[in-house]
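Coordinate-derived values only; no laboratory data. This one's a predicted model, so the numbers in the text were calculated from it and none came from an experiment. Positions of Cβ are backbone-derived with ideal geometry, glycine not excepted, and every protein chain shown enters the neighbour counts.
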Amino acid sequence: MLDLATIRQDFPILQRKVNGKPLVYFDNAATSQTPKQVIETIVDYYSRYNANIHRGVHHLSQQATDAYEQARGKIQKHFNANKASEIIFTSGTTHSINLVANGFGALLEEGDEILVSAVEHHSNIVPWQMLCERTGAMLKVIPMTANGALDYEAYDGLCTEKTKLVFCNHISNALGTVNQIETLIEGAHKVGAAILIDGAQAAPHMQIDLRALDVDFYTVSAHKMCGPTGVGILYGKEAWLKKLPPYQGGGEMIAEVTFEKTTYADLPHKFEAGTPNICGGIAFGAAIDYLNALGMKEIADYEQELLVYATRALEGIADLKIYGTTAQKAAVVSFNVGDIHPYDIGSILDKLGVAVRTGHHCAQPIMNYFEIPGTVRASFAFYNTKEEIDVFVDALKRAIQMLS
Ligand code: C6P
C-alpha cells in the first residue's frame, strides 16, 4: 500500500494553486512531477561537486564521474540489463531512437523492410521514414484495431525474411494500450530482425526486465519517471551496439585521433560524444531510487485502481467516448465528448485547476484512424488520488455544460 499523504509531501508542486484552485495534475504522460529527493540531488550536485567527468584528475571531477557512473549502474540494475556498458545516456527517447535509426543507415539496403506499429508517437515514425529515404528500405505498418490494440495476426504475415527491423512502443501515449511486446519480440527474432521497443510510457509504470524480454533496444526518458528533462537512456544489446557506427563525433567517444584516422572508445562512451547532462544522469539515478523505495509493483497496482475508478466515472457521462479500450491498459484515459473540441474542454479544465493534455499527442496517425482532430487525455501517476479524479470529473461536467 502506498502512503499517499507522505508521497504527496515529497512533491512541492502538488501543493500549489493554479487559477486560484488546487492543482490537479493529470498530464503525467507528457512529463511527471519531481520529488524533493531528486530536486535535492540536483541542488547538491551544483552546490558541491559540479565538474566535467572522465577528464579531470582533480577531486570534483572524480566525484562527479563516480556519481554519474553509479547512476548508470543503478539504471542497469533497475532494468536488469546484462552490463552497465549497454546503458547509453542520451537526452531522452527521441535522441535514443534517432541514434539507432542513424546507425542502421549503414546496415540496411534497398529492398529491406522495416515494420512500425500503427500506434506510434511521431518520434518512432519520423526517424524511420528518414532512414528509409536514405537507404531505400521500405516502411510497413503493423495495423491497429478499433479498441486500440495491434493486429498480431497481421504482424505475423508482415514478418518475412526481408524484415530487418521492428519498432513499437511498449505503451501507447495516446491510448494507453499496453502492447504485447513479447509477441512482437518473438516474431521479429523468428525472422532474424532486430527490434526496438520505445519504453517512454512503460518504464514509469511497471517493472521492466530487459534480460527476460530479450529485446534488442529499449528507450526511456527520465522526465516521465520523476527525473529531470534532457536525459534518458538507450539500452542496446552489446552485440548490436558494437555493430552500429557512432551517432555523433566529438570528445569522449574516441580512443585515438590523428588527422588520418580516428578509432572509437569502447561502449558505452562510443555513443556519448561531448559533455553529457551530468547532473541529469545523477538525478535520474535518484529518481530510480525514489521509485524503487515505493516499489514498482505497488505503483502499478495503485495506478490500475486509479484507471478503473476514472474510467467508471467517465463512462457515466453522456456522449463521452473513450479511445483505447483494451483490457491491458496503462493509467491513461483519452476521450472526446460529442462534437466538443478537445481544446475547449482542456481550456476550461485548466481554469478550474485541472491540467490535462489535448490534441493529437504527437500521434497523428492514431487520430487519423479514428477520424478525429484529437482527444482530451488524462494521465495519472502514483501521487494522484481518487479525490482528484472526483474534482476532475466535476470540472469536466461543468465544462460540458458550458460548451453544450
Ligand atoms: N510523449 C506525451 O505527451 P521525449 O520527448 O524524447 O522524452 O519522448 C518522446 C516520446 C516517445 N515515445 C512515446 C511513447 C512518448 O509518449 C513520447 C513523449 C509525450 O505523450 C510528449 S509528446
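Annotations for the structure displayed:
- Here D301, D10, D339 are placed in order of increasing Cβ neighbour count within 10 Å, fewest first, which gives D339, D301, D10.
- Residues of region 335-371 with amide N under 11 Å of the 7 Å Cα→Cβ point at D319: 337-341
- Taking the number of Cβ atoms within 10 Å of each Cβ as an exposure proxy, the fewest-first ranking of C159, C226, C168 is C159, C168, C226.
- Qualifying GluC sites (Glu not before Pro) in region 156-255, DSSP loop, other Cβ atoms within 10 Å at most 11: E161
- Relative contact order for the chain, counting Cα pairs under 8 Å that sit 6 or more residues apart, in percent: 23 percent
- With both residues required to sit in the chain, DSSP beta bridges show an antiparallel share near 60%.
- Alpha-carbon centroid distance for the pair region 70-141 / region 286-306, whole angstrom: 27 Å
- Within region 240-292, chymotrypsin sites (Phe, Trp or Tyr not before Pro) in DSSP loop having at most 10 other beta-carbon neighbours inside 10 Å: F259
- When the GluC sites (Glu not before Pro) in region 102-142 are filtered for DSSP coil states and for at most 15 other beta-carbon atoms within 10 Å of their beta-carbon, the remaining sites are E109, E110.
- Helices in the chain that qualify as membrane-span-like (whole DSSP H runs, Cα extent of at least 20 Å along the helix axis, mean Kyte-Doolittle hydropathy of -1.0 or higher) are 278-294, 296-315, 386-403.
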